[in-house]
Structures are given as structure tokens and as C-alpha cells.
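The structure under discussion appears below in the form of C-alpha cells.
The values are calculated or read from the model by the stated rules, or taken from the named source; none is laboratory data. Small disclaimer: the values here were computed from a predicted structure and weren't measured. When we count neighbours, we look across all protein chains shown, and the Cβ atoms used for this are built from the backbone with ideal geometry, even at glycine. Heads up: the accessible areas ignore ligands, DNA and RNA and are worked out on the full protein's heavy atoms, side chains in. Shrake-Rupley method; radii C 1.70, N 1.55, O 1.52, S 1.80 Å.
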Amino acid sequence: MLPWTTYDAMYDAAVSAPEIFWLNAARRITWKQAPSVACRVREDGWHDWFPGATLNTCYNAVDRHVEGGRGAQPALVWHSCATKEHQVVTYQELKTRVAGFAGGLRALGVGRGDRVLITMPTMVETVVAMLACARLGAVHVVVFAGYAGPELAQRIDDVTPKVVIAASCSFQGRTVMPSAPVLSEALSLAIYKPSACVIVQRDACPAALQPGRDYNFHVLEEAEPAEPVLLHAEDPLYILHTSGTTGRAKGIVRDNGGHAVALALSMELIYDCKPGDTFFTTSDLGWVVGHSYGVYAPLISGCTSVLAEGCTAAASVMALCRRHTVKCLFTTPTQMRLIRHESRYHSDVKLPALEQIFIAGEYADPALLDWARSFFHKPVLNHWWQTETGWSITAHFSGLPDYNSESEGNEIGRPAPGFLPVIQPPASGGESGEILLKLPLPPGCLAGLWKDEAVTVPALYFDNTLKYYRTFDEGSIEEDLTVRMFGRSDDVIKVAGRRISGVQIEKIISSHPAVYNCAVIATSDPLRGQRPVAYVVTKTEAEHELSSDQIVRKVHDMLGPWVGLKDVRFISSLPVTKSGKIIRKKLHCC
Ligand code: AMP
């Protein structure tokens, strides 16, 4: 039961007495050593949450619900629209599978602090693998299964995992995509060599296992079960890579204690979900929403999480909501546009159990939100997120009695507790600009970036006073703290809600010997929100003419076809400033 009756009372409590606010919030978690201090500033200017406290996140997500009498309740419901498979896993079954697989990983030499890279579609085994790592204190690194070999290799070298876990295949629609070619390419390109690979054998596409290197996931699950390992609140739970401002992906590190506390509070405060409720996140587990609201938040809160593989059709999303009495649906504007596209086949939508729909990840135009409200006859609430923050920075707080479901325009709600946004005005003045967040950030946000086996916070995240975190998102803040969002201030492009940096694509294109210079910007796409467009200047002395197909293939071979580059424009020169910096704004009109 939340102690506040208004948003203002809740937000003010977090601002005026943060230690008390967060130590109270921490009571939702089962600790071995409960925290006595909420936040401690580190020497590098960043901060740790709940120093001195000890817990295990897997225990909080699984075991404690079995001990508390929820063993027979479904923890996970999984449906694959590609294979038509369906699984319901109770908390008791999840505990057995996770403890067994953790034992299997331990037998492969995985222990506290070791990294384990998981590249799998949204499957029950992906969740089992993540939780098994959490149980052992190993750090999971989930990589979206749509990435091509070179990008996977870069992540292997970045985190040096002891073990890599993959499925024998994934699906694009109904098309089987065997994983072996991508995995083999990544393992041969990577300088670092993991000691073992664990493969989930799928009926549609069993892989030939390499003796001495590969192990069968389901056989490892039969190992002697492992008990949860006691961890410090500040110990890393996972690393998740994301793109932005540099040509290389950044490994965001999430801690155990702060993460568990923030997610448990958010389930009550933002999503109004209680133990036993059903939560459905359409995000792939390889992205942050999949981590937070496909796995950890619903499980820590004793809810049932619905997971779906390849279920993008409106009919499948609605059938899953209906069949599993979903209370909260969390999806993206791209998914909502797809539903709108197919809506003529679904005139009378009846989903009595569904109470709210939450939207995040990319710009949602007001017309889309209005359409969704009238189609589903439910509140549709837009909220603002980043991989870095792990939970929403601004939201509508449906757990509070004074919550307002009438959000309009580009409004993305009011700040969640502990987020103190200010606007960094542009040189020309005005009320809009980059949104900065006062440090310390609340629990659940990044502990730093992974680099050479250490966790550090690079200067790019600090403003020049060192007092604020830079979001690289632009917007404005109204008097009642309502935030409006205008878009990114850097080169990040959101393709169907998935994040990619223009610079990352530019680096790949520039590595072609016939390319002199290039720039990649975002353009709007009617279905996927945004897609990249490449402007390319070729070398005059190039031996062969370069085609746009060659460039598209090169980018998709390096990053994966999900990047969706289709539009390559050859131009004679790029618009640049006197100092040689590309003026991207001018490209929008070329
Ligand atoms: P990611 O790290 O992939 O979650 O992407 C984070 C970025 O997605 C943010 O910095 C925003 O640019 C964008 N984003 C997330 N939520 C929203 C939203 N509700 N409205 C507009 N943009 C959003």
C-alpha cells in the first residue's frame, strides 16, 4: 500500500528526505543485511545505492515467492508466434530450472563476477539463463539476437565472457534463422575466446554441437541445483550495451540493490501492479524494457510476466491479452502503429481485464495515442525511458489516487521520484533545451560503463558543472513538472524503438575504400518511427563505382538487417562548418 494520496506528496517526499524515502522503498526487497544508508557519493562523483547491504536478486525474483506460497502461480507465460509453442512456468518450476541451470553454469566454472553473454530470442530459456547468472553473482550480458557477427564479436571482446549462451536458431516471421553462422563468425572475429558455448536446441533447427566447446542447455539444467549467492547491493547484476555519440556500443552496468528497489517501487507507483497481476511487455528481452519489465520487475513483484516471440500482429497481441487476462500492456509506438494498420480487422475490441496500456521508447505522435485510446477504450500512458536509467524518468503514476490518464500531445508525464530534471537552455535562450537530471540519480540507474573489467562513468554523462547527468534528449518542463519531449540532441536514431547511433553506421560506411566521407541521419518512417539515411561522398580516384546496394549490404552484414538502411544518397560534398564539422541539420533538406 503506497503512503501518498497525491503526486506532489510523493515527489516532495523523495526530494525533501531522499534517505528516508529510499530506505522505506527498500523494504519491498528481502535483504540478508538490510540497508542502513541509502546513497553514498563515490570518489569519481557518481554514487552507490544501499552500500553495505546484501541480497540476491534471483532470490527476490523467484525463491521468496515460492517460500511465500506463490509456487503454483505462473511466473512466466511464453508464446511463440513463429513455432506456435506455448509454455506456462510456475514460480516453483522456475526455481527448479534456474537453480539447476545455475548449477550447470557453476560446473562450467562460472562464479561471482564472471560475465556470461546471452544471445537468444525472447524465450523461457533466456529468462532462466539471466536469473541463473543473478543467482551465482555472475554478470549477464544479453545481446539482441538480431545483431550480426561483427557486432557480437565487439561485445564479446568488451566483456570477455566465460560462457556464451545461444539458441540454435531464431525466426524472422516464419523463416528459420540458424544461429551457428553468426556465432561462428563472432567467435572467429573476437580476440577473446570464451571457454564454452551453451546451446538451446530448438526442434525447428537443432544445431551440430562442437565437442569440447558446446554444451546442451537442457542437459545442463539437470545439474546439482545451486543456492543463491550473497551479493553486495553495489555488485553488478548485468551489462547491457547501447548506442550513442561514439562509434562503439557502451556497456551500461546495473547494480543489484538499487535496481531491485527501483523496479519494485515502480510496479506499484507507475503501473499499479500487485502480486498475482499479469504484465505483458512486447519488447524483446535483448533491450532494456525486456530486462526491466519482461523479467525483473514483474518477477520481483510476484506478478506473472507474459513473453512473446515474434508476435507483432494485432491479432496475436490482443489474443495474448485476452487469454492471459493481462492487466498492463507495455509496448512501443511502432507496435501500436502496426495494430492501427491492421485495426480494420478488429472492430470491437473487448479486453475486460486490461486496465492500462503503457507506451515508451520513441516519439509517439498525439494522433496515434488518441487512436489507441479510442480503439482499446483504455488509458494509454506515454512515459520516457533510457537504457541508462533502467526505469522511467517521467511517467503517469497510476498507483496514486490523483493520477490523470488524460495525457496529451508530446507530454511524457512528470518526474519519477528522485529524478530532478532541469532544462539546459540553448545559447539562443528559450524554454526548451537539453534535459539534464540532477545528481545523484535515483536507484536503478546506471552504476557506470563497463571498460576493461572496471566500472567507470565517462565525462560525456556529466554536464560542465559536474552536478547533472546529460540525457541528450531535448524538451521542456512546465510549472507542474509536466515534461514535453522534442527528440534527441545527438545522433541517436530509434528504428522501431531500437536504438542505434548514426556515428556507428558512419564508421562502417567510411571503412569502405571508395568512400571519402559520409553522414547518417534519421528520417521519419510511417511504420518504424525513424530509419537511417546515409549521405555518401565517394573518392574521385575510386577504382569502381560504388552502389547503394553495396553500402546497405555492408551495414547490414556488420550490424544486422534490423537497422533497416534502404536510403543511400550519393552527393558531391557534405555541408561542413569552417572547422570541418558536418552540419547535419542542412542534410534534412537535401
Ligand atoms: P533506449 O535507451 O533504447 O531505451 O532509448 C532511449 C531513448 O529513446 C531516449 O533517450 C529517447 O530519445 C527515446 N524515448 C524513450 N521513451 C520515449 C518517449 N516516451 N517519447 C519520446 N522518446 C522516447
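Brief remarks on what is shown
- Considering only alpha-carbon pairs that sit under 8 angstrom and 6 or more positions apart, the relative contact order computed for segment 500-587 is 28 percent.
- Distances between placed amide hydrogens fall under 5 Å for V200 paired with A166, A167, S168, F217, all partners being 5 or more residues away or on another chain.
- Checking the cross-link pairs K494/K585; K438/K586; K32/K451 against a 21 Å limit on the alpha carbon distance flags K438/K586; K32/K451 as lying beyond it.
- For segment 389-419, the list of GluC sites (Glu not before Pro) that fall in a loop by DSSP and count at most 13 other C-beta atoms within 10 angstrom reads E406, E408.
- A run of the chain free of exposed loop cleavage sites, with trypsin sites (Lys or Arg not before Pro) counted only in DSSP states other than H, G, I, E and B and at most 16 other beta carbons within 10 Å, reaches its longest extent at 214-349.
- Within segment 144-244, the GluC sites (Glu not before Pro) that combine a DSSP coil assignment with at most 14 other C-beta atoms in a 10 angstrom radius are E222.
- Within the full protein context, the accessible area of S548 is estimated at about 40 Å² for a probe radius of 1.4 Å.
- The candidates E388, E342, E474, E224, arranged from most to least accessible area with a 1.4 Å probe in the full protein assembly, appear as E224, E474, E342, E388.
- Ordered by 1.4 Å accessible area with all protein chains kept, T57, T119 run largest first as T119, T57.
- Length gained when the stretch K507-I191 is fully extended (0.36 nm per residue, less Cα-Cα span): 111.7 nm
- Computed with every protein chain present, the accessible area of T312 is close to 80 Å² [probe 1.4 Å].
- Normalised contact order of the chain, rounded percent, pairs of Cα under 8 Å and 6 or more residues apart: 13 percent
- Sites listed here are GluC sites (Glu not before Pro) in segment 73-147 whose DSSP assignment is loop and whose Cβ has at most 16 other Cβ atoms within 10 Å: E85.
- Distant-in-sequence amide H partners of L237 (H built 1.01 Å from N, under 5 Å): R254, D255, N256
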